[in-house]
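Comments concern the structure below.
The values are calculated or read from the model by the stated rules, or taken from the named source; none is laboratory data. Predicted model, so just to flag it, every value in this text is computed and none were measured. All Cβ positions, even for glycine, are placed from backbone atoms using ideal geometry, and neighbour counts span all protein chains on display. Side chains included, ligands, DNA and RNA excluded: accessible areas come from the protein's heavy atoms. Shrake-Rupley method; radii C 1.70, N 1.55, O 1.52, S 1.80 Å.
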Amino acid sequence: MSRPYELSPSILSADFRILGEQLTTLENAGVRWLHIDVMDGQFVPPISFGEPVIRSIRKGCSLFFDCHLMVEEPARYIQSLKDAGADGITVHAEACRHLDRTLAEIREAGLKSGVALNPATPVSCLDYVMDKTDMVLVMTVNPGYGGQRYIDAMSRKIRDVRRKLDEAGYPDVPVEVDGGINAETIDEVLEAGASVIVSGSAVFRGDIRANAQKFNEKIAACAHRS
Ligand code: DX5
Ligand code: ZN
């Protein structure tokens, strides 16, 4: 089995005055992915950042840019995000009128495609798009803000998505989790079947290097077991 097992730190919680330094710290700590939360003030209330920031941090950074679009009709931004340096684009099922086509367009652009599900969105909306999906993002909080509490019912949803992908013949498609993942919740999500772990506040608060290494130890141990 070769599905990715990765920590994907969310720069939403970074210190933007010293963002470049913090990214270097993550790379030196053995991190390979970076989670980039793009928000449009429509799909979610806040506005975060977009292409100019991505283009800027792309210089001198070899991390996999895991772009999470909390944006209405995200198909409009595939090409410009690719040009800015995105490696993967994850779109919300709730934000796409034509989810199937949007996923196809992400792959046609040469990027990895992801589908994100809000906490209340049923897993059945994956039923007819799994052949176009490289990753499923289970939101474990309602999107829009860092530092929220993990929604307990999402452990069952992670299991349901993992089982659905396995039964449909996609064991290499990872389940990513995002929101409220910290020292208290990491074991539970790994045990439920998540393998790409987003964390914002629990990575960037305090000692970034030590935080990333602690997460990576748990993720590597889980990869080893499976
Ligand atoms: C929330 C974002 C998350 C956020 C997670 O809408 O998608 O990526 O940064 O932050 P924490 O890990 O602090 O819950
Ligand atoms: Zn996110």
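Counting only Cβ charges, +1 for Lys and Arg and -1 for Asp and Glu, the dipole size of the chain around its Cα centre is about 220 debye. Once you order the gyration tensor axes a ≥ b ≥ c over the Cα atoms, which shape class does the stretch 145-189 get: rounded for a/c under 1.5, otherwise prolate or oblate by comparing a/b with b/c? Verdict is prolate for the stretch 145-189. Accessible surface computed residue by residue for the chain, with neighbouring protein chains in place and a 1.4 Å probe, gives 45 Å² per residue. Each Lys and Arg contributes +1 and each Asp and Glu -1, all at the Cβ; summed about the Cα centre of the stretch 6-121, the dipole is approximately 220 debye.
At an R0 of 41 angstrom, the distance between the Cβ atoms of GLU184 and PHE16 translates into a FRET efficiency of 0.90.
Kirkwood hydrodynamic radius, the stretch 44-112, all distinct C-alpha pairs: what's the number in Å? Over the stretch 44-112, the inverse of the mean reciprocal pair distance is 12.3 Å.
Within the accessible surface of the stretch 180-226, defined with a 1.4 Å probe on protein heavy atoms only, the carbon and sulfur portion equals 48 percent.
Projecting label points 7 angstrom from Cα along Cα→Cβ for VAL53 and MET130 puts them 3.5 nm apart. Per atom type, the stretch 85-137 shows carbon and sulfur on 48% of its accessible surface, probed at 1.4 Å.
In terms of accessible area, using a 1.4 Å probe and ignoring ligands and nucleic acids, ILE219, ILE47 rank largest first as ILE47, ILE219.
Expressed as a whole percent, the proportion of Cα-Cα pairs in the chain lying more than 24 Å apart is 37%.
Counting only Cβ charges, +1 for Lys and Arg and -1 for Asp and Glu, the dipole size of the stretch 113-210 around its Cα centre is about 220 debye.
Ellipsoid semi-axes for the stretch 128-226, based on the Cα gyration tensor and the rule √(5λ), read 23, 16, 11 Å when sorted largest first. For the pair the stretch 169-226 and the stretch 129-152, the centres of their Cα atoms are 13 angstrom apart.
Could you pull out the pairs from LYS112/LYS164; LYS132/LYS214; LYS112/LYS157; LYS59/LYS132; LYS59/LYS157; LYS82/LYS218 whose alpha carbons sit more than 26 Å apart here? Pairs exceeding 26 Å: LYS132/LYS214; LYS59/LYS132; LYS59/LYS157; LYS82/LYS218.
Per residue, the chain reaches -10000 deg cm²/dmol at 222 nm when only DSSP H runs of four or more residues are counted, each adding -39500 (n - 2.57). Comparing CYS61, PRO119, SER80 along the charge dipole axis of the stretch 41-131, the residue lying farthest to the positive side is CYS61, per the Cβ-charge model.
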